[in-house]
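Structure first, then comments.
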Amino acid sequence: MSGIYIHIPFCKQACHYCDFHFSTNHRTIQPMIDALIAEIEFRKESLQGDPIIKTIYFGGGTPSLLDALSIERILNAIYKHYSVALEECTLEANPDDIAVEKLRQLKHLNFDRLSIGIQSFNDQVLKFYNRAHSAQESMLAVKKSQDAGFEKLSIDLMYGFPHADHSIWKKDLETALTINPAHISSYCLTVEPKTALGKWTQTGKFEEADENFIHEQMKHLMLETSRAGYEQYEISNFAIPGKEAIHNSNYWKGTPYLGIGPSAHSFDGKSRWSTIANNNSYIRSAQAGLFPKQEEQLEPIDILNEYILTSLRTSWGTDTQKIKREYGVDLFEEKKNMLNQLSNEGMIIIKGPSLLLSQKGKFIADSIASALFIDYL
């Protein structure tokens, strides 16, 4: 099975930490919708090895800015040009865009999952991040969504905001667990060079929290979500059992997916490509019937090591039998000494043919994965 990701490159305003591709100029929304529909048709042969679409994901940017008719046009194009057996349909939304009528329309269009970008329930932090909503709007948005029947409701939270103590983060998490979403995606505040935070960091206006501070907040996150009945099925993602994100899980399993829109990435199992990250250029290309892409042909060793990197972050872990079957590599033999060391240090758990990160190991997941990378095939 495959998934389709639709990138909606518009936002109301620029969050100070965000380096995703977007524009705050909304004058080209309708030409962009036309271009997205044109690319959907243009790419219809791209997933021939795995042609059944099981998940659709509207990301961004801020997809909730779109009206229902525009969203419906995009969905109709997908159904027209692809074989669809839908298991999950997700839309990312900001709290200030969520109204009862909008939720009714999304339900009518068969969306069963919302991902609400809350980030914090502290108004001062939201103002610092330059978010367009308030904490009260977040609470109302969650309640409206739950009342509308969105059982697979996810919220985004961000930890690592520098402060004298952990009180802001503890209150944020306490509030989140009180409203009982089915899913929580939680990420550390990261300073990217081309953002406002990046510029402030360079000029000394902003200083990131240190590693110990972040470590303590992540530890608190893992402890409290577990107590509340959530499973950490991926390092940054926590779900009530049965409410995991199917679309995102398939990324981590190495399933092919098609990305539509400016800056969107695609993967067909052998190569990866991305479209131009410029709205006007993307629209002009679409109007000319052209969709240039930057393509990277992946060697088998690249795909294998990427599988180790992503699967190790999950609750199902790295399947060494899959690696042996598909690549002829016995990871237990190739990385015997390293696996013994990591196991003795309590960083990994060896469970039959699977390698799982321990709670301790989750704090240095990328380093552990790198130590298990294969050097040659």
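The values are calculated or read from the model by the stated rules, or taken from the named source; none is laboratory data. The model shown is predicted, which means the values in this text are computed figures rather than measured ones. Positions of Cβ are backbone-derived with ideal geometry, glycine not excepted, and every protein chain shown enters the neighbour counts.
Data overview
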item	result
Subset tally (residues that are in a loop (DSSP other than H, G, I, E, B) and under 21 Å from the mean Cα position of the chain (by Cα)) for region 134-177	4
From the options Ile33, Ile98, Ile118, residue that is under 16 Å from the mean Cα position of the chain (by Cα) and among the β-branched types (Val, Ile, Thr)	Ile118
Evaluation of Ser186 against (1) farther than 16 Å from Ile240 by Cα; (2) among the small types (Gly, Ala, Ser); (3) touching a helix residue (DSSP H, G or I) at 6+ places or on another chain (Cβ under 8 Å) (one fails), failing number	(1)
Pairs where the first residue, in region 19-39, is under 15 Å from Gly61 (Cα atoms) and among the small types (Gly, Ala, Ser) and the second is outside any loop (DSSP other than H, G, I, E, B) and modelled with pLDDT of 95 or more, C-beta under 7 Å, 6+ apart	Ser23/Phe10; Ser23/Asn279
Hits in region 127-162 (condition: over 30 Å from Glu88 (Cα atoms) and free of Cβ contacts under 8 Å to residues at least 24 places away in the same chain)	Lys127
From Gly289, Gly242, Gly269, residue being surrounded by fewer than 18 Cβ atoms within 10 Å (Cβ to Cβ), assigned by TED's automatic domain parsing to the domain that holds Ser23 and not aromatic (Phe, Trp, Tyr)	Gly242
Residues (surrounded by fewer than 14 Cβ atoms within 10 Å (Cβ to Cβ), part of a helix (DSSP H, G or I) and under 26 Å from the mean Cα position of the chain (by Cα)) located in region 192-214	Glu211, Asn212
Count of residues meeting criterion [in contact with a Leu (Cβ under 7 Å, 6 or more places away or on another chain) and either farther than 29 Å from Leu140 by Cβ or assigned to a helix (DSSP H, G or I) (or both)] in region 80-107	2
Flag for Asp67 being charged (D, E, K, R) and buried (at least 16 other Cβ atoms within 10 Å of the Cβ)	no
Residues that are under 29 Å from the mean Cα position of the chain (by Cα) and either surrounded by fewer than 19 Cβ atoms within 10 Å (Cβ to Cβ) or of a type in the set (Phe, Trp, Tyr) (or both), drawn from region 326-359	Glu326, Tyr327, Gly346, Ile349, Ile350, Lys351, Pro353, Ser354, Leu356, Ser358, Gln359
Selection status of Phe128, out of contact with any strand residue (DSSP E or B) (no Cβ under 8 Å at 6 or more places or on another chain) and of a type outside the set (A, V, I, L, M)	yes
Enumeration of residues in region 59-79 that are part of a helix (DSSP H, G or I) and without any contact (Cβ under 8 Å) to a residue 24 or more places away in the chain	Leu69, Asn76, Tyr79
Condition check for Gln217: assigned by TED's automatic domain parsing to the domain that holds Glu92 and either at pLDDT below 95 or crowded, with 16+ Cβ neighbours inside 10 Å (or both)	yes
Test: Asp50 is in contact with an Asp or Glu (Cβ under 6 Å, 6 or more places away or on another chain), assigned by TED's automatic domain parsing to the domain that holds Val142 and of a type in the set (Asp, Glu)	no
